[in-house]
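Visitor: Let me give you the structure first, and then I'll get to my questions.
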Amino acid sequence: LLLIPFFALIGYVLPEFYLIDKLQQIEYEVHTDFPRFLDLLYIYTSTAAYEHIGEAIFSISEHMSGALSKQLKEITIIYRFVDVNEFLDHFEKNFQTPLARDLVSTLRLVDEYGGNISEKIGILAEEAHKERLQNARQKGQKASAMLMVPLMLFHFPVAVIIFLAPTAIALKQVFGW
């Protein structure tokens with residue numbers, strides 16, 4: 001009888017943890033695939049074969065795979081044939097990443113003031129690559145500092161014992177300690 005509330009609690013809590021984990025995985029995948037999406041969007045918009053940005057995004061989603069592709073397909077299927085502002089509103093609502101917000105604001109500025117969409121998206125894609133490179137460098141610097149603690153705690157004492165133990169044994173034999 002005492003195990004019933006325990007299993008009920010586990011049955012209530014574990015699915016929530018599972019869903020939170022899956023959502024975090026999807027969010028991470030979308031965040032990591034977004035620079036690649038920007039590169040493809042730059043290529044697709046530079047050809048100027050698409051009248052609506054939704055058509056270009058739909059074509060890109062057809063050639064990509066993963067969580068980002070699924071979300072792009074859903075958005076573009078529903079909002080491909082509406083005006084640009086409504087499409088961008090829904091795009092911004094579905095993607096909560098900083099790159100998506102930058103893309104939406106860039107597309108709105110180009111729509112409002114004019115300009116070359118491809119050029120602006122290219123600049124945005126280049127900035128995204130620079131940001132990823134900078135983040136990788138920072139993580140590399142932090143990793144080297146974080147590796148010093150295990151090195152000092154575990155490897156250094158073992159190395160001292162390996163080098164000093166034979167010397168201590170030899171000194172004991174020579175001096176008779």
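Visitor: As an exercise, use a Förster radius of 35 Å and the Cβ-Cβ distance of residue 167 and residue 6 to find the FRET efficiency, rounded to the nearest 0.05.
Guide: E between residue 167 and residue 6, to the nearest 0.05, is 0.05.
Visitor: Could you give the accessible area per residue of the chain, probe 1.4 Å, as a whole number in Å²?
Guide: Here the residues of the chain average 72 Å² of exposed surface.
Visitor: Here's a follow-up. Where in the chain are the DSSP H helices whose alpha-carbon span along the long axis reaches 30 Å or more and whose Kyte-Doolittle mean is at least 0.0?
Guide: Those that pass (Cα extent of 30 Å or more, hydropathy at least 0.0) are 3-46.
Visitor: If I ignore ligands, DNA and RNA and count only protein heavy atoms, how much of residue 45 is accessible to a 1.4 Å probe, in Å² to the nearest 10?
Guide: Counting only protein heavy atoms, residue 45 exposes about 30 Å² to solvent.
Visitor: For n ≥ 4 DSSP H runs only, could you compute -39500 (n - 2.57) per run for the chain, divide by its residues and tell me the 222 nm figure to the nearest 500?
Guide: -29000 deg cm²/dmol
Visitor: How large is the translational diffusion coefficient of region 1-131 in µm² per second when you combine the Kirkwood radius over alpha carbon pairs with Stokes-Einstein at 4 °C and 1.567 mPa s?
Guide: 80
Visitor: Over the heavy atoms of residue 139, what accessible area does a 1.4 Å probe trace out, to the nearest 10 Å²?
Guide: For residue 139, solvent-accessible area is about 140 Å².
Visitor: Considering Cα pairs under 8 angstrom that are at least six residues apart, work out the relative contact order of the chain and quote it in whole percent.
Guide: Here the relative contact order equals 19 percent.
Visitor: Just need the Rg to Rh number for region 62-177, please, alpha carbons only, Kirkwood Rh.
Guide: 1.47
Visitor: Over the chain, what percent of the accessible surface lies on carbon and sulfur atoms, probe 1.4 Å?
Guide: 64
Visitor: Place a +1 charge on the Cβ of each Lys and Arg in region 32-177 and a -1 charge on the Cβ of each Asp and Glu, then give the dipole magnitude about the Cα centre in debye, rounded to the nearest 20.
Guide: The dipole magnitude comes to about 1240 debye.
The values are calculated or read from the model by the stated rules, or taken from the named source; none is laboratory data. If you're wondering where the values come from, they're calculated on a predicted model, not measured in any experiment. Every residue, glycine as well, gets a Cβ built from its backbone with ideal geometry; the counts of neighbours run over all protein chains shown. When the accessible area is computed, the model is the full protein with side chains, heavy atoms only, and any ligands, DNA or RNA have been set aside. Shrake-Rupley method; radii C 1.70, N 1.55, O 1.52, S 1.80 Å.
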